[in-house]
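S.K.: Pasting in a structure now, in structure tokens, and then I'll have a few things to ask.
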Amino acid sequence: QVQLVESGGGLVQPGGSLRLSCAATGMIFTIYTMAWYCQAPGKERELVAGITSSRSTNYADSVKGRFTISRDNAKNTVYLQMNNLKPEDTAVYYCNAKFRNAKGELVHDYWGQGTQVTVSS
């Protein structure tokens, strides 16, 4: 059974930093594209950052230069380093794992339970 367990959320002042972690079990971690999404109250869930099995990364424009996604395949863990946090970054952050086959079809799509990030003075 696949599990994605996030940690590292919390309350931080504007300009502060947090590092989110997502530990994966029950899956062949190395073949999955991992990503972080966020969902603020009243808004749709949106992509924050993603990292492929070959470690290519992509970011939402709003976090470029402030957030960094990385993965440690030996620990089956993906991280999101969040610097210079802003009140508008306040949201629940979800870890996601996707695997597509050679045709590009989505075969597996897993989600964590989410971790709250609140940026406020």
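The values are calculated or read from the model by the stated rules, or taken from the named source; none is laboratory data. The model shown is predicted, which means the values in this text are computed figures rather than measured ones. Because the Cβ atoms are built from the backbone with ideal geometry, glycine has one as well, and the counts that use them run over all protein chains shown. Keep in mind that these areas ignore ligands, DNA and RNA; they rest on the heavy atoms of the full protein, side chains included. Shrake-Rupley method; radii C 1.70, N 1.55, O 1.52, S 1.80 Å.
S.K.: Restricting attention to segment 82-121, which residues are assigned to a strand (DSSP E or B), closer than 20 Å to Tyr32 by Cβ and among the polar types (S, T, N, Q)? Write out each step before concluding.
M.R.: First, pick out the residues of segment 82-121 that are assigned to a strand (DSSP E or B): 82, 91-100, 106-111, 115-119.
Now restrict to residues that are closer than 20 Å to Tyr32 by Cβ: 93-100, 106-111, 115.
Asn96, Thr115 - these are the residues of segment 82-121 that are assigned to a strand (DSSP E or B), closer than 20 Å to Tyr32 by Cβ and among the polar types (S, T, N, Q).
S.K.: Can you work out which of the residues in segment 68-121 that are farther than 19 Å from Met27 by Cα and charged (D, E, K, R) is surrounded by the most Cβ atoms within 10 Å (Cβ to Cβ)?
M.R.: In this case the residue turns out to be Asp89.
S.K.: Looking at segment 1-29, which of its residues are at pLDDT below 95 and within 16 Å of the chain's Cα centre (by Cα)?
M.R.: The answer is Phe29, and nothing else.
S.K.: Among the residues of segment 3-24, are any in a loop (DSSP other than H, G, I, E, B), in contact with a strand residue (DSSP E or B) (Cβ under 6 Å, 6 or more places away or on another chain), farther than 19 Å from Thr68 by Cα and open to solvent by 30 Å² or more (accessible area, probe 1.4 Å)?
M.R.: Checking segment 3-24: not a single residue is in a loop (DSSP other than H, G, I, E, B), in contact with a strand residue (DSSP E or B) (Cβ under 6 Å, 6 or more places away or on another chain), farther than 19 Å from Thr68 by Cα and open to solvent by 30 Å² or more (accessible area, probe 1.4 Å).
S.K.: Just checking, how many residues over segment 36-52 are within 13 Å of Ser70 (Cβ to Cβ) and not in a loop (DSSP other than H, G, I, E, B)? Steps first, please.
M.R.: So the first thing to find is which residues in segment 36-52 are within 13 Å of Ser70 (Cβ to Cβ), and the list is 36, 49-52.
Right, trim to not in a loop (DSSP other than H, G, I, E, B) and you get 36, 49-51.
Result for segment 36-52: 4.
S.K.: Moving on to the next point. For segment 37-52, how many residues meet the condition of being open to solvent by 20 Å² or more (accessible area, probe 1.4 Å) and either touching a strand residue (DSSP E or B) at 6+ places or on another chain (Cβ under 7 Å) or β-branched (Val, Ile, Thr) (or both)? Working first, answer last.
M.R.: Step one: list which residues in segment 37-52 are open to solvent by 20 Å² or more (accessible area, probe 1.4 Å), which gives 37, 39-47, 52.
Retained after the next criterion (residues that are either touching a strand residue (DSSP E or B) at 6+ places or on another chain (Cβ under 7 Å) or β-branched (Val, Ile, Thr) (or both)): 37, 39-40, 45-47, 52.
The number of residues fulfilling the criteria is 7.
S.K.: Still on this model: Check whether at least one residue in segment 53-64 is basic (Lys, Arg), assigned to a strand (DSSP E or B) and either open to solvent by 60 Å² or more (accessible area, probe 1.4 Å) or within 15 Å of Ala97 (Cβ to Cβ) (or both), and report yes or no.
M.R.: Taking segment 53-64 as the starting set, the residues that turn out to be basic (Lys, Arg) are 55, 64.
Going one step further and asking which of them are assigned to a strand (DSSP E or B), we end up with none.
So far as segment 53-64 goes, no, none of its residues is basic (Lys, Arg), assigned to a strand (DSSP E or B) and either open to solvent by 60 Å² or more (accessible area, probe 1.4 Å) or within 15 Å of Ala97 (Cβ to Cβ) (or both).
S.K.: Would you check if Thr52 is closer than 21 Å to Gly15 by Cα, hydroxyl-bearing (Ser, Thr, Tyr) and within 14 Å of the chain's Cα centre (by Cα)?
M.R.: Working: closer than 21 Å to Gly15 by Cα: no; hydroxyl-bearing (Ser, Thr, Tyr): yes; within 14 Å of the chain's Cα centre (by Cα): yes.
Judged against the criteria, Thr52 is not a match.
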